[in-house]
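The values are calculated or read from the model by the stated rules, or taken from the named source; none is laboratory data. The model shown is predicted, which means the values in this text are computed figures rather than measured ones. For neighbour counting, all protein chains shown are included, and Cβ atoms are generated from backbone atoms with ideal geometry for every residue, glycine included.
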Amino acid sequence: MSQHATVPQLSALIRHRRTIKPAQMDPGLEVPRELLDELFENANWAPTHGFTEPWRFKVFSGDARKTLAENYQRLYRETTPEGEFRQDKYEKFGINPLLAPVVVAICMARGDNPKIPELEEIEAVACAVQNMHLTAAAAGLGAFWSSPPVLGSEGFKAFLGLGAGDRCLGLFYLGWLKGGEEWPTSRRRPVGDKVEWR
Ligand SMILES: Cc1cc2nc3c(=O)[nH]c(=O)nc-3n(C[C@H](O)[C@H](O)[C@H](O)COP(=O)(O)O)c2cc1C
């Protein structure tokens, strides 16, 4: 059998991938461990300059999501200047981790290879996340990459146990659509406006 997916199959999957927010997920519908393992395995096959493989994932499910939510709220309160604090955001940070059955902290482990700039480590992690997101879409599993500034704070890094040069690049919520919700549509401006032929 060919090792290659056909281009139409791949194109269909890429265009089918959507952002599904926690409010659209059913927290009571568990994600099978085998599917999560498949997501992480595919993440692990992302391109990586110098084989630094900088993607790290911290998985929160069950009661661990409560600890995540508590720390998320606490750190938002601690790191947000008074005039910028928003009660609606604070409440969302307390609720969102409980609306999804699985929440994955997307992390970058900074390697010690001086030839690899930090930006390339971040880019490699983004490729890994896209692999996960496409795998989720193929399974009909919703996913959402969320990246409010508080996740980049030193406090959040400490909560995750990250090293000095590491970064948290966001939370990746995973869950099945709840009853009454439909797989969303999205939009893009024409690619022709973004490609210059020389
Ligand atoms: C690096 C990255 C960070 C993102 N952070 C957020 C975020 O903080 N809040 C949010 O609503 N969406 C976030 N998104 C998701 C976008 O909103 C979403 O991709 C966009 O609405 C297009 O929808 P689609 O993914 O279904 O095509 C992020 C996406 C990426 C790639």
Count of region 149-171 residues which are surrounded by 16 or more Cβ atoms within 10 Å (Cβ to Cβ), within 16 Å of the ligand (Cβ to nearest atom) and either modelled with pLDDT under 95 or over 15 Å from Ile122 (Cα atoms) (or both)
3
Of all residues in region 1-58, which are surrounded by fewer than 12 Cβ atoms within 10 Å (Cβ to Cβ), hydrophobic (A, V, I, L, M, F, W, C) and assigned to a loop (DSSP other than H, G, I, E, B)?
Met1, Ala5, Trp45
Test result for Gly94, more than 15 Å from the chain's Cα centre (by Cα), at positive phi and either at pLDDT 95 or above or among the hydroxyl-bearing types (Ser, Thr, Tyr) (or both)
no
